[in-house]
Amino acid sequence: MRALIPWRWTVQRWLTDRLAYQRRFSDSSLHHMLLISAPNELCHTQLYPFFFHRAALRTCPGVELRELPLAAFRAGRNVFARQRVDVVCLQTWFDLSGDELRQVIEQVRMAFPDARVAYFDWFAPTDLRYAQAVDDSVVVYYKKQVFRDRGAYSQSTRGDTNLTDYFSRRYGLDLPETRFTVPSGFFPKLVLGPNFCFSAHMLPYFLGDFPEVPKTRDVHARIAVKGTEWYTRMRQEALDRVEAIPSITLISRGRVPRSEYFKELFASKLCFSPFGYGEVCWRDYEAAFAGALLIKPNMDHIDSRPDLFQAHRTYVPVRWDLSDLEETVRYYLEHEDERLAIARCAFATVKAYLEENRFLEDLQTFWQRVLPGRS
């Protein structure tokens, strides 16, 4: 499998994000797909799978990829304006109002009047906050995690998300009632893409072998707590709970370089990963490639690709109030065979998704909507 390997992706990021470099489409026989990208590593994880498989996509469905930084596009620096563009995949930041996002999409439509537009929602929360704003303008709403029960999208919440709702009630915080309207007929546009595992810094680990290394630490739980009030309260409670477990070797405080962080994970038996601003976190997948058993608040409500959140098969759930955290940690420290079986299954699940090119299979609905006339 020919792929855009990580060092080439680093070069591309430097050229695109630092220099706003734009390379024109070169093959008129292919469908031209332009990704208008926001400048953030979280955003880039949505793009990398397409570039990783760019050679395969040139063959089927016959797509040539190019990238244009959002800031350059909005400033009028756009070398693609006079080229045929068949598909535009648009990322933005999450702080735009509905009207502001509509203005950006209108700018896209004016620049590329014949293109079909997909909106790439890379945001941490599971909500569909821009569904109503983009419904009339896009054929795909692409997201990295969704509610298994689509009925959850009809519910209002305290604050913006299901997490703000739960934790504001738990901590007695006064947040405004919010409901993001999802228009009738919108869900066929919703396409689920892969989550954090498909990023350049993780792929080499998952494409290797399960790590057979000594585990000298019991629990890894470096938990940053600074943020909005509900987030700070939630993360501080998680940190307090894990640090209160007696007689375990624990890594829990401070920041270290990524290389040191990974060494710690590889040396840890368990990784405790509380929620962030959304349910899914980088460390969920980092724990998997490091062979550390993932312990996390229950994820039964989440659908993601690959499915790393299969309870007691690829991770171990705990209650959202963490009342069973100590009991769970102690059980899996005392039952090594079960711990290793689940950790191995998590690694194998992600590895199989990558090696068997399931991303390409999952894209069939995407292509049907953005390239409806393809042969």
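The values are calculated or read from the model by the stated rules, or taken from the named source; none is laboratory data. On a predicted model such as this, the values are computed, not experimentally measured, just so you know. So basically every Cβ, Gly included, is an ideal-geometry build from the backbone, and we count neighbours across all protein chains shown.
Within segment 262-284, take every residue that is out of contact with any strand residue (DSSP E or B) (no Cβ under 9 Å at 6 or more places or on another chain) and not charged (D, E, K, R) and give me the one that is nearest to P211 (Cα to Cα).
F266
With segment 92-190 as the region, which helices (runs of 4 or more DSSP H) entirely inside it contain at least 2 residues that are touching a Leu at 6+ places or on another chain (Cβ under 9 Å) and among the β-branched types (V, I, T)?
Numbers: elements: 98-111, 131-134, 162-171.
Counting at least 2 such residues, we get 98-111.
Say whether the condition of being farther than 23 Å from R319 by Cα, in a loop (DSSP other than H, G, I, E, B) and not basic (K, R) is met by at least one residue in segment 241-255.
Yes, segment 241-255 has at least one match.
Just to be sure before I move on: is H53 out of contact with any Gly (no Cβ under 8 Å at 6 or more places or on another chain), in contact (Cβ under 8 Å) with a residue 40 or more places away in the chain, farther than 22 Å from D114 by Cβ and crowded, with 18+ Cβ neighbours inside 10 Å in the structure I sent?
Answer is yes for this residue.
Taking R241, is it outside the structural domain of R170 (by TED's automatic domain parsing), charged (D, E, K, R), touching a residue at least 24 places away in the same chain (Cβ under 8 Å) and surrounded by fewer than 17 Cβ atoms within 10 Å (Cβ to Cβ)? Working first, answer last.
Details: outside the structural domain of R170 (by TED's automatic domain parsing): yes; charged (D, E, K, R): yes; touching a residue at least 24 places away in the same chain (Cβ under 8 Å): yes; surrounded by fewer than 17 Cβ atoms within 10 Å (Cβ to Cβ): no.
In short, no.
Can you find, within segment 350-362, the residue that is nearest to the chain's Cα centre (by Cα) among those that are surrounded by fewer than 20 Cβ atoms within 10 Å (Cβ to Cβ) and in contact (Cβ under 8 Å) with a residue 40 or more places away in the chain?
Only one residue tops the list, namely F359.
For segment 15-29, give me each residue that is in a helix (DSSP H, G or I) and either closer than 18 Å to V63 by Cβ or touching a strand residue (DSSP E or B) at 6+ places or on another chain (Cβ under 9 Å) (or both).
Selection gives T16, D17.
Within segment 276-294, work out how many residues are outside any helix (DSSP H, G or I) and in contact with a helix residue (DSSP H, G or I) (Cβ under 6 Å, 6 or more places away or on another chain).
4
Among the candidates R23, R84, R8, R13, single out the residue that is buried (at least 16 other Cβ atoms within 10 Å of the Cβ), among the basic types (K, R) and either under 23 Å from G193 (Cβ atoms) or without any contact (Cβ under 8 Å) to a residue 60 or more places away in the chain (or both).
Of the residues listed, the single one that is buried (at least 16 other Cβ atoms within 10 Å of the Cβ), among the basic types (K, R) and either under 23 Å from G193 (Cβ atoms) or without any contact (Cβ under 8 Å) to a residue 60 or more places away in the chain (or both) is R13.
Kindly establish whether V79 is in the same structural domain as V191 (by TED's automatic domain parsing), surrounded by 14 or more Cβ atoms within 10 Å (Cβ to Cβ), of a type in the set (V, I, T) and touching a strand residue (DSSP E or B) at 6+ places or on another chain (Cβ under 7 Å).
Spelling it out, it is not the case that V79 is in the same structural domain as V191 (by TED's automatic domain parsing), surrounded by 14 or more Cβ atoms within 10 Å (Cβ to Cβ), of a type in the set (V, I, T) and touching a strand residue (DSSP E or B) at 6+ places or on another chain (Cβ under 7 Å).
Filtering segment 70-91 down to residues that are part of a loop (DSSP other than H, G, I, E, B) and of a type in the set (K, R), which residue is farthest from R18 (Cα to Cα)?
Among those that are part of a loop (DSSP other than H, G, I, E, B) and of a type in the set (K, R), it is R84.
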